[in-house]
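Below: the structure, in structure tokens.
No value in this document is a laboratory result; all are computed from the given coordinates. What you see is a predicted model, and the numbers here were worked out from it, not measured in a lab. Every residue, glycine as well, gets a Cβ built from its backbone with ideal geometry; the counts of neighbours run over all protein chains shown.
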Amino acid sequence: MSSISISRTRVRFTRVATALAILAIVAGGAAWWSSPDAVRAQTAVVSTPPAGPAMTSYANAVAKVSPAVVTVQVEKKASFEPTSGMPHDPSFRRFFGDRTPSPQRQPRQRGLGSGVIIEADGRIVTNAHVVDGADRVRVVLTDGREFDAKVMGIDKPTDLAVLDVEATGLPTLPFGDSDRPRVGDVVLAVGNPLGVGQTVTMGILSAKGRATGSGDGSYEDFLQTDAPINQGNSGGALVTAQGELIGINSQILSPSGGNIGIGFSIPASMARHVVGEIVDHGEVRRSRMGVTIQPVTADIARSLDLPSVKGALVNGVEPGSPADHAGVKTGDVITKFNGLALDNGNDLRNLVASTAPGSKATVTIVRQGHSQDVAVQLANARREAASARSRSGGASEDDALGVVVEPLTPQLANRLEVPRDTDGVVVTDIDPDGRAADAGLREGDVIRQVDGKAIHSSAELRSALSGRTDRPALVLVQRGDNTFFATVG
């Protein structure tokens, strides 16, 4: 009974609503016929779409970027390190035979990364760690074309490499302005993650000027993004929502090895400089001042009466260095370089390194509460380091290992994040074609022992390696928290 009553009530309401609607239509029609202005007003209201959230697509940016982002395939010989008991164990001989695999029979390692075509005649930029040590590099375009690539140069301190393929008229994506985008801007990461094929991911620019401390040389000024970056994205493009190349994807921070939304990209401003140096000079020329620095903390700023917690505190000046000749002293705080304010020591390292060797720079220092400018004529980092090591009995470029080393100091140990009780010499420069590089050593490694003998100086290193022709040297290396042996033939 109740349900019937409700139903009838609805019928009655429906009839009333219908009548009211008819009256409204009649009234509206009368207004239309009586007022042309009203007709135009009504038409305008009807033709305007309702307000709502704007729909955004990045398809135009992707169409611009995609053809210039390539897959980089690498191949190299796998290292073969038999255990000490392997040649004498019958069970091993049963499976592997009595001979150590020859180089021709060694297994091959294959890797995958990404790259960006920056010039139509075949110049491509990618990561150094993608192609380092590769015997063969092959580039695959999105249209299916494949080319063998030549490695023009590698710069491990910035993790950048330049490739060249014999082709013309290739699609390009030139470097843009990485300083203009703001934190919070939308960015896209383009590459070939895990070999699934070219993939585009979206996020925002999370931070600028990041330093992770994982590079070989501390030349870091990363753009941080939460756009998903995974293995295989290395060397790919980070672009704005308009398709402007602002970075080369390099690394991620993750406890598991997978993406957690913390990725890092080398800014286009740094990549442009490094690529230009490799193309024009075959290497990256860097300058040095000859100072060691540490961060300015809040306590240090109060102690030195600094206006802000910024700059780089000089805790050491190398005798005879450009900084020494310019009058820079221990305890000075460097606040500007060529007029550019410094937030921290990493800013200073990057600015000095990117300035042409031999040029003069204006360095602003704060000493005893007073600010002053000093003129510093910068030296070539590679040549000056080798010369200084030679004058002090240090290693030179043509030593047996192909490295430049210096004694491990507490400051260096702290920066390299090695245990405090570590003894040895630090690799500060390395010949990419030398024996040490072939053995897997890199800048920042600490050489602790050679054939069980402790090493404390470059002279001891040379002595331990001199006259060896019968067998490889067994070198104990400290890299961060890890210790390993490398055989140097």
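Points worth noting:
- Between Leu340 and Asp423, the FRET efficiency estimated from the beta carbon spacing at R0 = 25 angstrom works out to 0.05.
- Sites matching trypsin sites (Lys or Arg not before Pro) across the range 438-489 that sit in DSSP coil, with at most 14 neighbouring C-beta atoms within 10 Å: Arg468
- Computing FRET efficiency as 1/(1 + (r/R0)^6) for Ser371 and Asp451, where r is the C-beta to C-beta distance and R0 is 56 Å, gives about 0.60.
- Using the Cβ-Cβ distance between Asp431 and Leu194 with R0 set to 56 Å, the FRET efficiency works out to roughly 0.95.
- Cα gyration tensor, the range 234-306 - rounded (a/c under 1.5), prolate or oblate: oblate
- Taking amide H positions as modeled 1.01 Å from N, with prolines and chain starts lacking one, the residues under 5 Å from Gly261 and 5 or more places away or on another chain are Ile229.
- Extension gain from Val309 to Ala459, taking 0.36 nm per residue of separation minus the Cα-Cα distance: 49.9 nm
- On the principal axes of its alpha-carbon atoms, the range 186-281 has extents of 36, 29, 25 Å, going from largest to smallest.
- Shape of the range 287-381 from the C-alpha gyration tensor: prolate (a/c of 1.5 or more and a/b above b/c, with a ≥ b ≥ c the square roots of its eigenvalues).
- Note on the range 392-488: along the principal axes its Cα atoms extend 36, 27, 24 Å, ordered by decreasing extent.
- Protection proxy ranking, peptides 242-254, 303-315, 287-299, average beta carbon neighbours within 10 Å, highest first: 242-254, 287-299, 303-315
- Estimated inter-spin distance, Ile300 and Met202, nm [label 7 Å along Cα→Cβ]: 4.3
- The spacing between the range 282-312 and the range 436-488, judged by their C-alpha centroids, is 32 Å.
- Interchain or long-range residues, amide H under 5 Å from Val187's placed H: Gly203, Ile204, Leu205
- For the range 302-308, the Karplus equation 6.51 cos²θ - 1.76 cosθ + 1.60, evaluated at θ = phi - 60°, returns couplings of 5, 4, 8, 6, 8, x, 8 Hz by residue, with Gly and Pro reported as x.
- Qualifying lysines (Cα of each under 25 Å from Cα of Lys336; at least 8 residues distant if same chain): Lys208, Lys310, Lys360
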